[in-house]
Ligand SMILES: NC(=O)c1ccc[n+]([C@@H]2O[C@H](COP(=O)([O-])OP(=O)(O)OC[C@H]3O[C@@H](n4cnc5c(N)ncnc54)[C@H](O)[C@@H]3O)[C@@H](O)[C@H]2O)c1
């Protein structure tokens, strides 16, 4: 199937790599990338960039309507968190962190996927595919409390949606990236500390690239995965396996 794909958080990082992979693999012939921050992004052929906050249903509706076309692929990829330099209470690593920051994280990392899908999904025909960018944080306990809970919720919601949309011929899967030094990590840790963490946490001892995550998303959205639905694929160098005892 080839037509329009929508990729949220598609301006940079993993989302930008997903946009490129969908076009390179012929899964979509044009992509609408929705992003809160479109500053400084290079124009690319067959890609339209739309300023849009995916936690705001009115903005999402307006941008989707402006496309004038139904999507055959939807990638709910926007996520992560905002740096809060004014806060000194240790969020997001504080188990008793403030509820407004908890809500903000759940809004961005879980509720936005429902919100965008509720606008785009009803127009998707048989053979269409949805892929959600979860995280290994949603598969194993860690110290990113609200983010981890939201990503675990996203994985469970993926499976519920896969069951609900299967009769309509629409597949729903998720990818769970491990460690990629995008802006998301740049806001939290210096590069040297990130590398130390990867050395300790990843059995294959290397970080992943945005392109490696994008390859899996592109496969899951393609007709090659026509019988794959309700799955979460970790692309994490084996991190969820833990360490040998
Ligand atoms: N980088 C990692 O190690 C890693 C690991 C696991 C999961 N992930 C997930 O991968 C996805 C992409 O993250 P990334 O690493 O590329 O980070 P990133 O910060 O480079 O990219 C995230 C993009 O989402 C956009 N965005 C944020 N809030 C938005 C909003 N409200 N509306 C629209 N767009 C918004 C940002 O502007 C940015 O362009 C996220 O869902 C993240 O949780 C990343």
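The table that follows gives values for the structure above.
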| item | result |
| --- | --- |
| Candidates 48, 2 - the one that is more than 9 Å from the ligand (Cβ to nearest atom) and either under 17 Å from residue 182 (Cα atoms) or in a loop (DSSP other than H, G, I, E, B) (or both) | 2 |
| In the range 20-45, residue surrounded by the fewest Cβ atoms within 10 Å (Cβ to Cβ) [restricted to those that are in a strand (DSSP E or B) and more than 12 Å from the ligand (Cβ to nearest atom)] | 30 |
| Within the range 154-245, helices (runs of 4 or more DSSP H) holding 1 or more residues that are under 25 Å from residue 22 (Cα atoms) | 183-186, 210-221 |
| Condition broken by residue 186, with the remaining ones in (1) modelled with pLDDT under 95; (2) touching a strand residue (DSSP E or B) at 6+ places or on another chain (Cβ under 9 Å) satisfied | (2) |
| Test result for residue 170, farther than 26 Å from residue 99 by Cβ and in contact with a strand residue (DSSP E or B) (Cβ under 6 Å, 6 or more places away or on another chain) | no |
| Residue list for the range 213-241, filter: farther than 19 Å from residue 129 by Cα and free of Cβ contacts under 8 Å to residues at least 60 places away in the same chain | 237, 238, 241 |
| Contacts under 7 angstrom Cβ, first residue in the range 22-47 being closer than 18 Å to residue 113 by Cβ and touching a residue at least 60 places away in the same chain (Cβ under 8 Å), partner assigned to a loop (DSSP other than H, G, I, E, B) and away from the ligand (no atom under 14 Å from the Cβ), 6 or more apart | 22/28 |
| Within the range 139-167, tally of residues that are touching a residue at least 40 places away in the same chain (Cβ under 8 Å) and in contact with a helix residue (DSSP H, G or I) (Cβ under 6 Å, 6 or more places away or on another chain) | 10 |
| Any hit, the range 191-204, residues being more than 15 Å from the chain's Cα centre (by Cα), surrounded by 15 or more Cβ atoms within 10 Å (Cβ to Cβ) and within 10 Å of the ligand (Cβ to nearest atom) | yes |
| Selection count, the range 54-64, where residues are within 15 Å of the chain's Cα centre (by Cα) and surrounded by fewer than 19 Cβ atoms within 10 Å (Cβ to Cβ) | 1 |
| Count - residues of the range 5-19 that are out of contact with any strand residue (DSSP E or B) (no Cβ under 6 Å at 6 or more places or on another chain) and either more than 12 Å from the ligand (Cβ to nearest atom) or assigned to a strand (DSSP E or B) (or both) | 0 |
| Positions within the range 111-145 being within 26 Å of residue 238 (Cβ to Cβ) and out of contact with any strand residue (DSSP E or B) (no Cβ under 8 Å at 6 or more places or on another chain), in sequence order | 137, 140, 141, 142, 143, 144, 145 |
| Inter-residue pairs, beta-carbon under 7 Å, first free of Cβ contacts under 8 Å to residues at least 40 places away in the same chain and in the range 168-187, second more than 6 Å from the ligand (Cβ to nearest atom), 6+ apart | 181/191; 181/194; 181/207; 185/194 |
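The values are calculated or read from the model by the stated rules, or taken from the named source; none is laboratory data. Everything numeric in this text was worked out from a predicted model, so none of it was measured. Note: ideal-geometry Cβ built from the backbone for every residue, glycine included; neighbour counts use all protein chains shown.
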